[in-house]
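Engineer: What follows is a single structure, and I will ask about it in a moment.
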Amino acid sequence: MELWDELVKALEEDGLWTVVTFKTPHGPGATLEELAKAVEKAGWRVTFKANWWTADIPYGLARMDLRKDGREKILLGKWILGRELELVKLENMPLEKGRDEFFRMVDSITSTLIYDPVIRTMREQY
């Protein structure tokens with residue numbers, strides 16, 4: 001599948017964050033699992049994964065912390081419900097830009113997530 005092939009290539013490039021925007025015909029749980037399968041198949045180990053989504057608008061955000069051969073990457077998957085799996089945008093970002101994008105997306109889903117202990121922990125990491 002083209003989306004997963006492009007994603008795997010991008011993970012090998014520079015930048016701590018790899019940010020992929022895509023359409024998916026699946027719900028939040030299946031989308032997160034498909035993303036995890038694609039990176040694991042390419043040899044990346046998922047050390048953390050989480051998924052946030054809205055109920056009223058069909059879009060969400062998946063985050064995975066990955067390791068491979070001593071390298072670390074953070075994968076941010078911005079997804080929206082669509083008829084088929086389709087790549088919209090893919091880019092690598094340095095720490096600060098990726099972190100800002102992550103928090104911007106979380107804030108766009110709901111401001112109440114700031115009270116989520118996982119989000120608080122991640123904010124403290126940076």
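The values are calculated or read from the model by the stated rules, or taken from the named source; none is laboratory data. None of the values given here were measured: they were computed from a predicted structure. Don't worry about glycine lacking a Cβ; one is built from the backbone with ideal geometry, like all the others, and counts go over all protein chains shown. The area values use the complete protein model at the heavy-atom level, side chains included, leaving out ligands, DNA and RNA. Shrake-Rupley method; radii C 1.70, N 1.55, O 1.52, S 1.80 Å.
Engineer: What number of residues within segment 53-64 satisfy the criterion of being surrounded by 15 or more Cβ atoms within 10 Å (Cβ to Cβ) and out of contact with any strand residue (DSSP E or B) (no Cβ under 6 Å at 6 or more places or on another chain)?
Structural biologist: Counting residues in segment 53-64 that are surrounded by 15 or more Cβ atoms within 10 Å (Cβ to Cβ) and out of contact with any strand residue (DSSP E or B) (no Cβ under 6 Å at 6 or more places or on another chain) gives 0.
Engineer: A further question follows. Suppose the filter is in contact (Cβ under 8 Å) with a residue 24 or more places away in the chain, part of a strand (DSSP E or B) and either touching a His at 6+ places or on another chain (Cβ under 7 Å) or closer than 22 Å to residue 43 by Cα (or both); does residue 61 pass it? Before you say what the answer is, go through the steps one by one.
Structural biologist: Values: in contact (Cβ under 8 Å) with a residue 24 or more places away in the chain: yes; part of a strand (DSSP E or B): yes; either touching a His at 6+ places or on another chain (Cβ under 7 Å) or closer than 22 Å to residue 43 by Cα (or both): no.
So residue 61 fails the test.
A quick yes/no check of all residues on (1) surrounded by fewer than 17 Cβ atoms within 10 Å (Cβ to Cβ); (2) not basic (Lys, Arg):
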position	(1), (2)
9	yes, no
31	no, yes
51	no, yes
66	no, yes
77	no, yes
91	yes, yes
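Engineer: Which pairs do you get when a residue that is outside any strand (DSSP E or B), found in segment 1-21, comes within reach of a residue that is hydroxyl-bearing (Ser, Thr, Tyr) and open to solvent by less than 90 Å² (accessible area, probe 1.4 Å), reach meaning Cβ atoms under 6 angstrom, with the pair 6+ apart or on two chains?
Structural biologist: 10/18; 11/18
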